[in-house]
Structures are given as structure tokens and as C-alpha cells.
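Reading through the C-alpha cells given below for one structure.
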Amino acid sequence: MNNIFKFAAGIFATLGFAWLAFVVGAGMQFGDLSPEAERLEDNGSRPEGVDLFPLALSGMAQQGAEDYLALGCMTCHTQQVRLVDSGFDVERGWGERPSMARDYVLQDHVMIGNTRIGPDLANLGLREHSDVWLHQHLFEPQSLVPESICPPSPFLYDVINGEAEGSMQVSSSEDDEVRHVFPSLRANRIVAYLQALKQNYELPEMSFVEDDSESVGNEVLAETDVVPASPRVLLAQQIDSGEKIYTNFGPGGGLCLTCHQASGLGVPGAFPPLAGSDWVLGDKDRLIKISMYGLTGEIEVNGVKYNNTMPPPGNPPGSLTDGQIADVLTYIRNAWGNSASPVSPSEVAAVRASVKGRDSMQMWTAVELSTNSKPEND
Amino acid sequence: MKDSSEKIIDKSGRIVLSFFVASAGLWLLAAALLAYLAAAKLTDPFFLAGYEFLTYGKVKIAQANAFVYGWGGNAIFATTLWVLARLSQAEIRGRAYLLFAGTLWNLGITFGLLGILDGHMNAHEMLEMPTAVWPVLFISYSIIAFLALVIHRSRKHSETIAPQWFILASLLWFPALFLIAWNGLEFNPARGTLQSVLSMWFGQSLIWLWLTPMALGIAYYIIPAIMGTAIDKYYLAIFGFWCIASLAPWSVVHHLEGGPVPIWIPAIGTVMSIAMIFPIAVASTNFHATAFKNIAKVWDSLPLRFVIFGTLSYTISSYIGVIFSLPAVAKLTQFSIINEFHFNQRVYGFFSMIIFGIVYHMLPKITGREIGKKAKTFHFWTSAFGVMMLLLAFLIGGLTHGVLAQQPSLDWASSVISSVKPYFLITKIAFVILGLSQLVFVINIWKVIFPNPFASLLDSSSESEGKSA
């Protein structure tokens, strides 16, 4: 401590470790991410002829980003949708999925921000505001959202007398008088940038979070609804219902999402994946039993061993009905690229009868399940 | 003879230290004005809305930079030079270079803030001042830091003590942090959210590795100096120092919880934040066990009262900070105005209060003039009250903000933000009180540094004698 050079070496070393992790290590891990296809083939290769995301911003929008930065918008607005476990950003409708590092690789200034006095803007372009609405909001936010404390930016507009070609109407809460203004080039650039803010694509590492109010899942269903074959419709309905049970962690939900994640990939080392899992695609009997009583102890999924405890699914635990179990199992057997036969409520009822008398909190072990069930060729 | 050698040291720094303290004071007022403007704009969005150079976003950022680099930077230079000179029993040398570098630093910040207001902001936390001013700031900082190290190297006793470790570490960490961040953000700009990790890491480390150790070092110096007793359980100090050195650079990244970065980054930040309770406990034990042995003496000495307010604030709010780093809590508070609580608590309630203490302790020694007791007492009570009001408003307001933001059914503007508005109003009042308090502080230090030249003519000759002595 008494020699300044040794002392300096010591305090730079402690700083250096953090530098190694956050700059060098993090840089090696995700410093060279590049745009990617929404989904990869099973072997990890990129399908031919598909768009790569994120898309680059238009030149106009890129300049708008500079203006957004210069005006200090970032002080109050974040541009990041947090992970489902870390906040209710998706539920609030701020995005269809959590933001990923890859979403930002093409941006010159990454403005994820750290304070939300205003709403998150990561997906502002998806909220279907017209350009005029955004201009009016920039000119005076309070004319559209009376309670807003976003400062007006009248300096971005030229107020003119009377209407002219290319002008737009704005109103002011101060005097209710309608004014005609020309947006400046900067105002147009900012609006172009705001409209370009959207993470409306999936990435191999993150798919959309399905939600009751969101339209994405329903769009897929709407397409399948067109197919007249009734088993197909039934399957779609089962998948839709199962999805809700899977993602819901409120009362009556399945709580599946908590461990197996929205991506169905689980958490490496802790919770096994469902996507492509030999257990999920295999014997239905075992799956139904696990869905009733849970599972504990060591289990091997796709050759990888996991050792954890899965309490009986449902909130409260073990409360899923036969119909719910059938739906959620059908969903996980047909989501994330899985494709296997559906599970019907009667199948579930049959299994429930066969294990009648089992203590409701007695979880299965993998060994127990593999000894008293036969493999199914599906 | 000891006294006279100390007087020689104090005299050697008279002009330089006065320069830094006086500039720090002006920046403090600038920051207070900007803080008021920002708070006023939050309560009334139409306030000065027509001026493009005064948007809320710009004013808020300019305020933080004026506060940290203007007030904080100048105050750090003054106290570093003086405390190191006193502990080394060596004179302050290279005064012309110090004045030159100090002028550069202040000019750099002036242009930097004007640049922000003119729309040339950078997107990096606490590096928002335009790119062009940073080389100037770095060079001037290096000159000052070098000359401070020269003082330290010419010390009479080779043995070093806690205040020296903390102050030297703070002195050396800032340029290291800056070079790392500058390299990763400007020379070889990182892609995507790697930028965010680096900018967040710099912005938070600046508080934890530049301002914090400096204030702790001053507290380690001034408490025994005024109390006349040794630091209680001093043997713990070295453990506390190395804990901060090794944990703080890791702990700051917990602010990225749930964000678009690999999960291990916020996770490791959280773990290290929890581990930070050790150095916090050490500093708290050292300071408060010493101070509470003779609390009457602390109360009687205004500098010490400021310092102990600062160390208590450090302890309490650092523990609060640990709680807010836990993912379950961060989920609620992460993007709320709790961030303002953290910033103001660290930079105001802790760092600035300790700086006020040392300035009141140091200025009479270097100028030979006392500051009026009434003014100091007024400054203490208004600061203490203003800070508590500000911090409570940001804390309670932040919790309200965070909890309501987590109710997806509540409309953003009409429910969430409307519920926080009353707290913005309280912070505005608090900033007025604090501004008044700081005005009194600055007027008084300026009066001591630049005495009224006519006072000696009008008054008796006694004061001018005191000046020249």
C-alpha cells in the first residue's frame, strides 16, 4: 500500500477484472451479433431466401434518431421491452416479445434508456399512430393526451396563416384554436424514426409472447379457421386454449412459462426444454401423469441430465382439469416446431382413473414413469 | 514548529485551492438553477417550452453534468490537493500548471454544457458532453492528477493511511474508467447493446469509483482530525477499501436487469451489490463508532456535522440501494424515478455534504478568514432539510411510480404519471430550498476568498492585517 506503483497496479487490477468481463468477455459473447432469420432450420442453418432481422433504418429515420438524441428524448423514454420475468412490459402492450441484444446491432446510437417518465418506445411504430397524430403529439402532447407531462416542441413547426398545401392542423389546449403548421424537416425525420421503431419479428432466440389481447396468435388461428376440416379447427382451438394455460401464471393458469420459458427452451442446466424434447414428443401417458402430479429428481431429456423439482402444474398446484391438461399438452406437442398427435380429454380421464388413489402431492420420479409405461410409436 | 509547517502548506495552496473552491461554488449554483428548471418543467410542461435549448431532456442531462464534473470535479481537485499536501507535509507545487489545467477543465465543461443545450449530446451515460471537449478535460485532469501525485511522492512519511488510499484510488480510477469507456464508445465503438453495457458501467462506476472513494477518503481524514481521536477499528479500513475496489466495478451493472443483454451481466451485478454490504458496514463502523464516542463534539463542529450527515446518508442509502438491486424489487423500481433518488442521494446527500464539511474546515485555514457561524448553521439546516425532502419525494414517488407502472391495466399518462406528479412538485420545492441554501454557501465562500476590497478602507485596519498575516 505504501508504494504508489504497487498500489496503482492493485487498483487497476481490480478494475481490470470487471473490464475483462464486461468489455472483453461480453464483446466476445455478443459483440458481433448480426441480423438473422426469424427461424432457423433444425440443424441450425439459415433457411434460403428469407428476410434477415432487424432491418436497417431508412436514411430519414437514421437522421431522426440523431434528432431524437439531440432533443434529449432519451432522458424520459426507454427503448427496451424487459424479459417476461423481469416486468410486465409485454402485458402493458409495449411489445410482442422481450427485446434482445440482436435488435440493436444496426443502430449507431443505442438508446435503451434507464428511466420511464414517458412510455417505452421500443415498439412505437406498432401502435398504429398516424404520422399526423405523431406530429400533433410533438407539437403539443397535451392536445391529444391531456394528462401528459411531455414538453411540447413547437419549435419544430412553422405556424402559418390559413391552410396551405402540405400543412396540417394542430390544436392547442391553451386556446382551443386550430392552427395550420408546416412540419420542419427535423419534425418529419423524427416522425420517420418513431414510426420505424418496431420489433415486430421473431428471432431464433426469442419468439412472440402469446397473450389474450395480442393479435399475433389469433392471426395464425384465423388462417387455420379458414380450413373447413373440423378436426383441424378443433386442434387449433385446443392449441389456442393450451397456449393461454401455458403462459398464464395467475389463478387457474398452468405456470408452465415460469420454468420452461416462452421459447419452450427451458433454462439450460436447470429446466429441460419442451421444444424438440423426447419426453414431450413421446409417450402421452407419462406426460399426462406429470401434468397431474409433477415430477422430481433426475431426468434425462435429449441426452442431457436435469435434477430439479416440478410441482404439480397449475395454480393452485394440481388444479388443472382433464380438459386443461389435454389442451396444454396438445399445445406443447405442437408449438416451437414440435408436431405430434393431440391429447384428448378422454385420454386424460383414462389416465386419471388408472392412478386413482395416488396422494395428490406425491410427485413422480423419472424412474417410476419409465418402468410402468410402454413407449409409444407416434 | 508543526503549526508553522502546516501554515506554509496552506499558504502554498492559497491561490490554487481558492480558485478550485470558487469555481466549484459557481458550478454548484449553475447546477441548482438547472435542477430547478428541470423540476419546474416536469411540473408544468409548458414552462419555457418554446425554447429549444431548454428541453427537459437537455436541462436534466446538463444539470447532472454540471453537478458531477463542475461542482464535483472542482471540489475534488481542491480537496485532493489540500488533504494530500497536509498528509504528506509537502507543499503544493506547479501552481501555475494547476491554475492552467483548472481553467481548461472549467472551459471544457462550459463548452460541454453549452454543447448539450445546443443539441450535440452523446448517448452515453455521464459522457453526454460533446465528443470534442473530452480530450481537453482528460488532459487537464491528467495534469492535476499528476501534480497531486507529485505531492504524494514527496511525502515525509512513507507509511500511507486510509484517506490516502481512498483519495489516490479515486484520482487514478477516473482516467482509467474514462479511457476504457472512451475506447469502447468512441475509438472502437462497440455494436448494439454492448454500448449500453459500457455506458451504464461508466456512468455508475463514476459515482462509485470517483465520487464515493473521494468522499470516504475525506471522511477518514477529517473525522480524526477534528475529533482528535484515532478511527475506531481502523484495522478494518483496509478490508473495506479492497472490498470497494474489487466489488464496486461489478455491482453497478445490476441496473440492466431484464434488459436486452445476456442475463449473466445483471445477475453478477446483483450478487456483487449484495456483497457490497461488507464495505458499507466497514465504513459505517469506522466513522460512526468514532463519531458517537463524543457526539457532542460532532454537533459543535459544523464541518463535522456535515461530514457525519454525509456518512450516515451513505450508510442508510447504500443499504437501500442493495435492496433495490434484488431482481424482485428491481422489477418494480428499475425505470422509475428511484434512479433520481440514487443519484441525488449519492451526489448530494453523501458526496456534497462531505465536501461542504471539508470546505468549511479548509477555507479558514488557507485564507485566514472565518465564515460566519449563522451562515453555516443556516446552510446546514436548509441543506439537511432540503436533501431529506428531495430524497423522500424521490423514494416514495419512485415506489409509487414503479408499482403503478407494473399494473398493465392502468393508463400510463392519466394514472401512472398523474400519481407521481405531486412528488415532482415536492422535488421542485426541495430544489428551491436547496438552491437558496447553496446560494448562501457560495456567497459566503466567495466573501472569504475574495474579501470586499473596500471593506478594509471603510472599516478599521484590523481586517487587512488579518488578511496579510
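The values are calculated or read from the model by the stated rules, or taken from the named source; none is laboratory data. Treat the numbers as computed from the prediction; the structure is a model and nothing was measured. We place every Cβ from the backbone using ideal geometry, glycine too, and count neighbours over all the protein chains shown.
Laid out as a table, the results:
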{"quantity": "Test: residue in region B:210-224 that is closer than 30 Å to A:M28 by Cα and facing chain A (nearest Cβ under 10 Å)", "calculated": "no"}
{"quantity": "Residue check for B:F324: buried (at least 22 other Cβ atoms within 10 Å of the Cβ) and modelled with pLDDT of 95 or more", "calculated": "no"}
{"quantity": "Hits in region A:1-42 - residues which are part of a loop (DSSP other than H, G, I, E, B) and either within 30 Å of A:W336 (Cβ to Cβ) or in contact (Cβ under 8 Å) with a residue 12 or more places away in the chain (or both)", "calculated": "A:G31, A:D32, A:L33, A:S34, A:P35, A:A37, A:E38, A:R39, A:L40, A:E41, A:D42"}
{"quantity": "Residues of region B:1-59 classified as of a type in the set (D, E, K, R) and under 18 Å from B:T110 (Cβ atoms), total", "calculated": "1"}
{"quantity": "Within region B:62-181, helices (runs of 4 or more DSSP H) holding 3 or more residues that are touching a strand residue (DSSP E or B) at 6+ places or on another chain (Cβ under 7 Å)", "calculated": "none"}
{"quantity": "Filter pass, B:V261 being at pLDDT 95 or above, β-branched (V, I, T) and either buried (at least 23 other Cβ atoms within 10 Å of the Cβ) or closer than 30 Å to A:Q107 by Cα (or both)", "calculated": "no"}
{"quantity": "Any chance B:L34 is more than 12 Å from every other protein chain (Cβ to nearest Cβ) and surrounded by fewer than 19 Cβ atoms within 10 Å (Cβ to Cβ)", "calculated": "no"}
{"quantity": "Residue match in region B:190-197 (condition: charged (D, E, K, R) and more than 9 Å from chain A (Cβ to nearest Cβ))", "calculated": "no"}
{"quantity": "Per-region count, region A:37-69, residues out of contact with any helix residue (DSSP H, G or I) (no Cβ under 8 Å at 6 or more places or on another chain), surrounded by 17 or more Cβ atoms within 10 Å (Cβ to Cβ) and of a type in the set (G, A, S)", "calculated": "1"}
{"quantity": "First in region B:222-246 and farther than 9 Å from B:V282 by Cβ, second anywhere and basic (K, R), Cβ under 8 Å, 6 or more apart", "calculated": "B:I226/B:K297; B:M227/B:K293; B:M227/B:K297; B:T229/B:K293; B:D232/B:K293"}
{"quantity": "Matching helices (runs of 4 or more DSSP H) fully within region A:262-378 where at least 3 residues are in contact (Cβ under 8 Å) with a residue 40 or more places away in the chain, charged (D, E, K, R) and at negative phi", "calculated": "A:284-293"}
{"quantity": "Positions within region A:99-110 being surrounded by fewer than 23 Cβ atoms within 10 Å (Cβ to Cβ) and assigned to a loop (DSSP other than H, G, I, E, B), in sequence order", "calculated": "A:V105, A:L106, A:Q107, A:D108, A:H109"}
{"quantity": "Test: residue in region B:248-269 that is among the polar types (S, T, N, Q), within 13 Å of another protein chain (Cβ to nearest Cβ) and touching a Pro at 6+ places or on another chain (Cβ under 7 Å)", "calculated": "no"}
{"quantity": "Candidate set: region B:383-412, residues that are of a type outside the set (D, E) and not in a helix (DSSP H, G or I); chosen: the one farthest from B:I320 (Cα to Cα)", "calculated": "B:S409"}
{"quantity": "Subset tally (residues that are more than 7 Å from chain A (Cβ to nearest Cβ) and farther than 20 Å from B:Y423 by Cα) for region B:37-66", "calculated": "7"}
{"quantity": "Scan of region A:142-174 for residues that are farther than 19 Å from A:C76 by Cβ, of a type in the set (A, V, I, L, M) and buried (at least 16 other Cβ atoms within 10 Å of the Cβ), ordered by number", "calculated": "A:M168, A:V170"}
{"quantity": "Selection within region A:52-98 - more than 22 Å from A:N188 (Cβ to Cβ), in contact (Cβ under 8 Å) with a residue 40 or more places away in the chain, more than 13 Å from chain B (Cβ to nearest Cβ) and part of a loop (DSSP other than H, G, I, E, B)", "calculated": "A:E96"}
{"quantity": "Among the candidates B:L391, B:L410, residue that is within 12 Å of another protein chain (Cβ to nearest Cβ) and either at negative phi or in contact with a Lys or Arg (Cβ under 8 Å, 6 or more places away or on another chain) (or both)", "calculated": "B:L410"}
{"quantity": "Options B:A384, B:A413: the member that is touching an Asp or Glu at 6+ places or on another chain (Cβ under 8 Å) and small (G, A, S)", "calculated": "B:A413"}
{"quantity": "Region A:116-141, subset among the acidic types (D, E) and either surrounded by fewer than 21 Cβ atoms within 10 Å (Cβ to Cβ) or within 25 Å of B:L256 (Cα to Cα) (or both), residue nearest to the other protein chains (Cβ to nearest Cβ)", "calculated": "A:D120"}
{"quantity": "Test for B:I396: is it in contact (Cβ under 8 Å) with a residue 24 or more places away in the chain and either within 19 Å of B:V298 (Cβ to Cβ) or surrounded by 23 or more Cβ atoms within 10 Å (Cβ to Cβ) (or both)", "calculated": "no"}
{"quantity": "Within region B:264-305, tally of residues that are free of Cβ contacts under 8 Å to residues at least 24 places away in the same chain and β-branched (V, I, T)", "calculated": "3"}
